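Sharing a structure below in structure tokens format, with a few things to ask.
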Amino acid sequence: MAVITVSQVKKSFSTLEVLKDISFSLSSGEVLSIIGPSGSGKSTLLRCITNLETVDSGTITIGGDSLVTTGSDGTAVYADHATIARIRLRVGLVFQNFNLFPHFSVMRNLTEAQVHVLKTSKQEAQERSYELLGKMGLKDKASAYPYQLSGGQQQRVSIARALALRPQVLCFDEPTSALDPELTGEILAVIKELASEHMTMMVVTHEMAFARDISNRVIFMDEGLIVEEGTPEEVFSLTQNDRTRRFLSRFST
Amino acid sequence: MAKLLMLMLEGTLTSLRIFFLTLMFALPLGLVVAKGRMSRHRIISSIVNGYIMIMRGTPLILQLIFVYFAPYYIFGASTDRFTAVIIAYAINYAAYFAEIYRGGIQSIPDGQLEAASVLGFTKFHTFTHIVMPQVVKRIMPAMGNEVITLVKDTALAQTIGVAELFRVAQNAAAREFSTMPIFFAGVFYFVMNAIVSKSFDFIERKLDYYR
């Protein structure tokens, strides 16, 4: 069953066409990696799905409800505020720069949205947060502040923060790009573990070996278009596409 | 001597009333002005911008005289002197505070707003719980400057005849043919500002629990 369906999405920043007709879908339990050179539109695509950017036209459906559809004049028609507020919580997002709230403790970073958005009781939110921190190996950091943590620990907190809202899909926007190789391994291990639990995920990444290992499916994007889409084997080993080959030749995977 | 001290304490009390009342009105008003200045509506932002230009571009003493005398020439009735002082100071300081708030608000990284948006916080909750607490920490040094200036600016209230500390000291100096009362007044202002400085240090230390 498709959790996210993206169809004919177009997006421009003034005269620059960032997304030119993107269509794909993401099934429940699937791990999808999006690879491609910088500026190919990968992050913008993720930001459109998480409603941080608006599309110019096309449709995006999340968990069976439309976030945006195309009107009769060809432009994007967004759902009403209440609907957006409801369905956007189905998609969690982990940022490249973590974006933890620096003035909140780790615990409050995790509980704030549970309490104020989901209206969970404070106690229940704390229990859920402890459970997630335990899973991330950070149980002893609950009362720490983000600046006291390493980059890898901060990123694990931000993954826990996203998971705390029980999203149907977890999106990662270059989750390891701000980290050194050692810390990168830390985060990739966490994502791998989530994959083994069949968490539905969409990962924008420059870690080719990782994309090959954990994904069920890989999308290669270039200049706002999906150039190739397939299993990791199809994209990384068997590709006949020149552009894909040229891109991958720079990585010794 | 004791009588002079009593008079000066009375004047100080007036100065302090001006100080606290100005803060009470200017601090929240500044936030409204900052929001207006950052408004996406061209008309609103340019009106507010014009207001800030006037408040910062003309002397406070002139604004004070204007606020006190303009109603008399326009409506034929004047406001109470003390009220005029509070109005003039509040609208003047709100303009300065607004620019400090704006600087603080715009210094919060977009990522904070994006994280709040993805987590489903309302705009209001994001502003009150994510943005403002971080703004307060960032603007403390600049606010300290303004608040210290306000303590000294209370001396201008004598222009329209409010008997604050400096006016009392000047009267006493004229009466006794001595500059001592003026010197005393200087000590009073210094002590008040020492307290203000220490208070700001204290708040900054309190907010030092995160970076």
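Please treat every number below as a calculation from the coordinates, not as lab data. For clarity, every value in this text was computed on a predicted model and none was experimentally measured. Virtual Cβ from ideal backbone geometry, glycine too; neighbours counted across all protein chains shown.
Test of understanding: in a Gaussian network model of chain B with alpha carbons linked when under 10 Å, which of B:Val191, B:Val32, B:Val136 would top the mean-square fluctuation ranking?
It is B:Val191.
In the range A:1-35, which residues have a backbone nitrogen under 13 Å from the label point lying 7 Å from A:Asn216's Cα in the Cα-to-Cβ direction?
A:1-4, A:25-33
In what sequence do B:Val131, A:Val77 fall when counting other Cβ within 10 Å, fewest first?
The most exposed by this proxy come first: A:Val77, B:Val131.
With r as the distance between the Cβ atoms of A:Ser121 and B:Ile44 and R0 = 41 Å, compute the FRET efficiency 1/(1 + (r/R0)^6) and round to 0.05.
0.50
Gaussian network model of chain B, Cα springs within a sub-10 Å range: biggest mean-square fluctuation belongs to which of B:Ala115, B:Ala88, B:Ala194?
B:Ala115
Follow-up question, since we're still on this one. Once every DSSP H run of n ≥ 4 in chain B is given -39500 (n - 2.57) and the sum is divided by its residues, what mean residue ellipticity at 222 nm do you get, rounded to the nearest 500 deg cm²/dmol?
-27000 deg cm²/dmol
Enumerate the lysines that A:Lys42 could reach by cross-link, defined here as Cα to Cα under 23 Å, with residues fewer than 8 away along the same chain left out.
Qualifying lysines at Cα under 23 Å: A:Lys10, A:Lys11, A:Lys20, A:Lys192.
What relative contact order, as a whole-number percentage, does the range A:8-51 give when Cα pairs under 8 Å and 6 or more residues apart are counted?
The value is 29 percent.
Tabulate in residue order the Karplus-calculated ³J(HN,Hα) for the range A:100-115, using 6.51 cos²θ - 1.76 cosθ + 1.60 with θ = phi - 60°, rounded to whole Hz; enter x for Gly and Pro.
Working through the residues one at a time gives 6, 8, x, 8, 9, 5, 3, 4, 5, 4, 7, 8, 3, 6, 4, 6 Hz.
May I pose another question? What FRET efficiency comes out for A:Leu16 versus B:Met24 if R0 is 56 angstrom and r is the Cβ-Cβ distance? Round to the nearest 0.05. Kindly include the intermediate steps, with their values, before the conclusion.
On the way: r = 49 Å, r/R0 = 0.88.
That gives a FRET efficiency of 0.70.
Would you mind classifying the range B:1-109 by shape? Square roots of the alpha carbon gyration tensor eigenvalues, ordered a ≥ b ≥ c; an a/c under 1.5 is rounded, otherwise it is prolate if a/b is larger than b/c and oblate if not.
Oblate shape, in that a/c is at least 1.5 and b/c is the bigger or equal ratio.
If you average the sequence gap of Cα pairs under 8 Å that are 6 or more apart and divide by the length of the range B:4-94, what percent do you get for the contact order?
About 38 percent, as a whole number.
Only helical DSSP H runs with n ≥ 4 go in: add -39500 (n - 2.57) per run for chain A, normalise by residue count and round the 222 nm mean residue ellipticity to 500 deg cm²/dmol. Don't skip to the answer; put the middle values down first.
Numbers: 9 runs with 89 residues, N = 253.
Taking each H run of at least 4 residues, the total per residue is -10500 deg cm²/dmol.
Here's something else I'd like to know. Based on the Cβ-Cβ distance of A:Glu229 and A:His81, what FRET efficiency does E = 1/(1 + (r/R0)^6) give at R0 = 35 Å, to the nearest 0.05?
Plugging the Cβ-Cβ distance into 1/(1 + (r/R0)^6) gives 0.60.
So how far, in whole Å, is the C-alpha centre of the range A:1-56 from the one of the range A:175-203?
About 20 Å separates the Cα centre of the range A:1-56 from the one of the range A:175-203.
Moving on to the next point. Picking from B:Lys152, B:Lys123, B:Lys198, which is most flexible by a Gaussian network model of chain B using Cα springs under 10 Å?
With Cα springs under 10 Å in chain B, the top fluctuation among B:Lys152, B:Lys123, B:Lys198 is at B:Lys123.
Same structure again: Give the percent of DSSP beta bridges with both residues in chain A that are antiparallel, rounded to the nearest 5.
60 percent
Quick check: convex hull over the Cα atoms of the range A:99-253, volume per residue in Å³, rounded to an integer?
Spelled out: Cα convex hull of the range A:99-253, divided by residues, is 125 Å³.
Mind checking which lysines have their C-alpha under 24 Å from B:Lys35, skipping anything on the same chain fewer than 8 residues away?
Partners within reach: B:Lys123, B:Lys137.
Now for a separate question. Only Cα pairs under 8 Å and at least 6 apart count here; give the relative contact order of chain B as a rounded whole percent.
About 28 percent, as a whole number.
Another question, then. Project the alpha carbons of the protein assembly as shown onto their principal axes and report the range along each, largest first, in whole Å.
Principal extents (Cα only, largest first): 101, 54, 43 Å.
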